[in-house]
Amino acid sequence: MQKGQIDVKAHDIFPLIKKFLYSDQEIFLRELISNGIDATTKLKVLASKDEFKEELGDLTIDIRLDEEAKTLTISDRGVGMTGDEVIRYLNQVAFSSAQEFMEKYKSDDIIGHFGLGFYSAFMVAEKVEVVTKSYKDGSQAVKWTCEGQPDFTLEDVEKVDRGTDVILHIGEEGKEYLKKARIQELLDKYSKFLPVLIRFGTKTEYITEGEGKDSKQVEKEVENIINNPYPAWKKAPADLTDDDYKAFYQELYPYSPEPVFWIHLNMDYPFNLTGILYFPKLNNSVEIQKNKIQLYSNQVFVTDDVKTIVPEFLTLLHGVIDSPDIPLNVSRSHLQSDSNVKKITSYITKKVGEKLADIFKENRKDFEEKWKDLSTFIKYGMISEEKFYTKAEKFALFQNVEGGFFTIDEYLEKIKDIQTNKHDRKIIIYTSNEKAQHAYVQSAKKEGYDVLVMDNILDNHFMQHLEMKVDKITFVRVDSETIDKLVEKDTERESVLSEKNQEKVKEIFRNALGDHKEKIELKAMSPEDMPVVITKPEFMRRMMEMQAMQGGQFADFPEMYQIVVNTNHPLIADKLINMRNEEKKVHFAKYLQKLALLNQNMLTGEEMSEFVHMSVDMLKQ
Ligand code: ADP
Ligand code: MG
C-alpha cells in the first residue's frame, strides 16, 4: 500500500470547498457523472481508432444508492486509471484545477460552477474511494482512499471490469443525498440529455395486460434510465420532422402549449454551437416566460440563466443552446467581454433574423397567421437590438382594422396620398382598443383614412421607436384629434356660423360645463360628424402613459381630454343657437357633451345615471 499527502496547500482547500460551495453542493453529482462520461467518450474514441480492440459492451453509467451503508456510487466502464494515473490525475491535476477554481471563486460569481471537478465530491462525502482499472492490457486495479484530509492511500485491489467506481461515503453535511428522491431530482436536472446512458436502479411501471374486461394493471420493475442520449438538437435538421421538434419541446417543457415555430442552430466554425430555439406563444406578455433557454456544454446541463449569453430580447425564446466553446468556468464579467461569447451572441441574433426573413419570404400567409404570436418578440428585438432592427424592418408587419397586413414600406406607400399632411409628414392613424374607440375608427374610415390596430403591450414603445427610425412619420391615436385635424391639410373647412354666433356657442358650453376644467374648442367639421367630440391630445397622453409605466405615480391621474364642438353640425348651427330659453340651451349643451363622453366610454357612475335621466326627460317632451 502506498501512502502520501496530496499537497501542503490542501489544508486550505478542503475547508474552502465545504464553506464556499455549500449552497451549490449539489453540483458534485454532475461533476462526477461528467467525469464518467469523459472516460467513456475517451474509450469510444480509442476504439474508433483501433487502439482499443476489445468489446466496448454496455457503457451505461450506474448510479447506486445504499442507504444503509450510507454510500452513493458512480460507476462507469470507461478508460479507467492505472495507479500512476490516479496519482497524477486525482492528486495533481484534479487538485490543482480545484485550487485554481477556488481562487477564482473567491473573487467572482461563477456561471454554472464548472471546473471544480472531482474534488466537489468532498462537499458531501467524508470519505471518497475510487476503485479503478485501466483499459490497458494487464492493468492492476487500484483503490484510492481519501478522507477529506490531505492524506490518501493507494492499494492494489481486485476488480473484474475496466472502468471506475467512485464511492462516496456520505457525511452528515450531505445526508440529503442519501434520499432516492433527491438523487432522482438531481439526475433529472443535470443529466436529462447526457450522451451516455445513465441508470439509477430500477423503477416501477404499470402496464396493462390482456384485453377488454380481462385486462389488468400489472406492476413491472424496469431499468430506471434517466436520459435521452440523442436529443433532437444533436441530430441533423433533415432527419427531424415537425412532430419530432414538437415532441422535443414537450420533453423540455412538459405540458406547454405548442411552440409557434423553431430554429435549429448548427455550426462548427469559428466556434462550435448547436441548439434549437423555439418561439413560444407569447400571449401579449413579456415577463412570465423569460429564462427558459437551457445552456448545455456537450450535453451537460449548465444553467438556465443565459442573460449574458444571448441578447435580452432572445430570452423570450425557449430551447437549448449547447456549446463547448462558451468558457463556463469563468466569471460573468469575463463572459460578457469574452470574444467567443460576443460572436455567439451576434450569430444567434443573425440566425433568428434570417429564419424569420425566410419564413416571411417563403410563406407570407403563414407568417401573417403567426404574427400575433411573433409580434411581441419581433418588436422587442427591434426596439432593443439595432442589428435585429435592420433585418426586421423588412418583415415587421402592421395590421389594420380590416385585418390586412403590411410591411412598413408597403403601408407608407398605401397611405401616402391621403394621409400626408401639409408638412409632408405621413400620419399613421391607429387604435389601441378597437371596441372602446369604435366611433372614432368609424369616422376615420368614413373620411377615407386607414386605421391600424396597435394593441400590443410594446406598441407605445414600438411606435416611438419607429418615429425615431423612419423619416417623417407620426403616429396619432384615432381619438387624439377631431377627424379634420388628424391629418392637417392646407385647406380648412369654413364655419357656417358667424363669429358672433360662434362666441355665443362657446359661452353656452362654458356655462353648461361649469367647474369642468376641460378645454373647449370650436371647430368647423363636417355636418355628418358628431356635434360634440372628445379628443385626447396625443402628446399629453403619451407623456402620461410613459410616466405611468415608469413610476406609476400618475397611473390614477384622470385622463386629459378636450371638448370639441362641431359648429357645422345642424344640432349646433340650427337647433342650439336658435333656442329661446337660456336654461334650455345650457341643458342641451350639457346633454351633447355627455353624449360625446358616452361615445368615448367615459361616462360612468353618477354622470351616467344623470345622462339616462336627462334622456328619459327629453323623450317625454
Ligand atoms: P476535469 O474533468 O476537468 O479534467 P476533474 O477534477 O473532474 O477535472 O478530474 C481530474 C482528472 O481525473 C480527469 O481529467 C481524469 O483524467 C481523471 N478522472 C476523474 N474521474 C475519472 C473517471 N471516472 N475515469 C477516468 N478518469 C477520471
Ligand atoms: Mg471533470
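The values are calculated or read from the model by the stated rules, or taken from the named source; none is laboratory data. Since the model is a prediction, treat every value here as computed from it, not as a measurement. Every residue, glycine among them, receives a Cβ derived from its backbone with ideal geometry; neighbour counts consider all protein chains shown. Just so you know, the surface numbers come from the protein's heavy atoms only, side chains and all, with ligands and any DNA or RNA stripped out. Shrake-Rupley method; radii C 1.70, N 1.55, O 1.52, S 1.80 Å.
Which distance in nm do the two modelled labels at Asp366 and Thr420 give, with both placed 7 Å along the Cα-to-Cβ direction?
3.8
Relative to the Cα centre, what is the charge dipole magnitude of the chain, using +1 at the beta carbon of each Lys and Arg, -1 at the beta carbon of each Asp and Glu, and rounding to the nearest 20 debye?
So the dipole magnitude of the chain works out to roughly 1580 debye.
Hey, could you get me the Stokes-Einstein D for the chain, Kirkwood radius over alpha-carbon pairs, 10 °C and 1.306 mPa s, rounded to whole µm² s⁻¹?
On the way: Rh = 30.4 Å.
Answer from the Stokes-Einstein relation: 52 µm²/s.
Quick one: of Lys379/Lys519; Lys189/Lys246; Lys307/Lys361, which pairs are farther than 25 Å apart, Cα to Cα?
Lys379/Lys519; Lys307/Lys361
How high is the relative contact order of the chain? Use alpha-carbon pairs under 8 Å, at least six apart in sequence, and give a whole percent.
RCO, the chain: 8 percent.
So how tilted is helix 339-362 from the main axis of the chain? Cα-based, degrees 0 to 90, rounded to 10.
50
With all protein chains present, how much of the accessible area of the chain (probe radius 1.4 Å) comes from carbon and sulfur, to the nearest whole percent?
Details: 15170 of 31270 Å².
For the chain, the apolar C and S fraction of the accessible surface comes to 49 percent.
Net charge around Ile429, counting only other residues with Cβ within less than 11 Å of its Cβ (Lys, Arg = +1; Asp, Glu = -1)? Write out the running numbers ahead of the final one.
Details: positive: Lys426, Lys445, Arg477; negative: Glu447, Asp450, Asp479, Glu481, Glu538.
Summing Lys and Arg as +1 and Asp and Glu as -1 gives -2.
Taking K and R as +1 and D and E as -1, what net charge do the other residues with C-beta under 10 Å from the C-beta of Gly201 add up to?
+1
Taking the Cα centroid of segment 347-412 and of segment 418-459, what is the distance between the two, rounded to the nearest whole Å?
Between the Cα centres of segment 347-412 and segment 418-459 lies a distance of 21 Å.
Could you tell me which of Ser480, Gly404, Met463 has its Cα farthest along the dipole of segment 398-486 towards the positive end, charges placed at Cβ (Lys, Arg +1; Asp, Glu -1), taken about the Cα centre?
Working it through, the farthest residue towards the positive pole turns out to be Ser480.
Quick check on packing: order 162-170, 465-473 by the mean number of other C-beta atoms within 10 Å, highest mean leading. Could the numbers behind the result be given before it?
Details: 162-170: 22.2, 465-473: 14.1.
Taking the mean over residues of other Cβ atoms within 10 Å, the ranking is 162-170, 465-473.
For segment 398-486, what is one quarter of the convex hull surface built on the Cα atoms, given in nm²?
5.4
Within segment 345-423, report the GluC sites (Glu not before Pro) that DSSP leaves as loop and that have at most 16 other Cβ atoms within 10 Å.
Sparse-neighbourhood loop GluC sites (Glu not before Pro): Glu393, Glu402.
Taking only protein heavy atoms into account and a 1.4 Å probe, give the accessible area per residue of the chain in Å².
Per residue, the chain has an accessible area of 50 Å².
Calculate, for Gln149 and Glu209, the FRET efficiency according to 1/(1 + (r/R0)^6) with r their C-beta to C-beta distance and R0 51 Å; round to the nearest 0.05.
0.40
As I understand it, the dipole of the chain uses +1 on the Cβ of Lys and Arg and -1 on the Cβ of Asp and Glu, about the Cα centre. Which of Ile427, Ile74, Leu277 lies farthest toward its positive end?
Comparing the listed Cα positions along the dipole, Ile427 ranks first.
Using Cα pairs closer than 8 Å and at least 6 residues apart in sequence, work out the relative contact order for segment 110-237, in percent. Before the final figure, lay out each step's value.
Numbers: 194 pairs, mean separation 24.0, N = 128.
Contact order relative to length: 19 percent.
Please give me the summed charge of the neighbours of Arg77: other residues whose Cβ is under 15 Å from its Cβ, Lys and Arg +1, Asp and Glu -1.
For residues surrounding Arg77, the net value is 0.
Report, to the nearest 10°, how far helix 10-20 tilts away from the longest principal axis of the Cα atoms in the chain, using its own Cα long axis and a range of 0 to 90°.
Relative to the chain, helix 10-20 is tipped by roughly 30 degrees.
Given a Förster distance of 51 angstrom, what is the FRET efficiency for Ala247 paired with Asp156, based on the Cβ-Cβ distance and rounded to 0.05?
FRET efficiency, Ala247 to Asp156: 0.55.
Please report Rg (one decimal) and Dmax (integer) in Å for the Cα set of segment 487-546.
Just the Cα atoms of segment 487-546 yield Rg and Dmax of 14.2, 41 Å.
Under the rule of at least 5 residues apart or a separate chain, name every residue whose amide H is placed under 5 Å from the amide H of Phe475.
Here the answer is Ile428, since their amide H atoms fall under 5 Å of that of Phe475.
So how do 225-236, 537-548 stack up, highest first, on mean other-Cβ count within 10 Å?
225-236, 537-548
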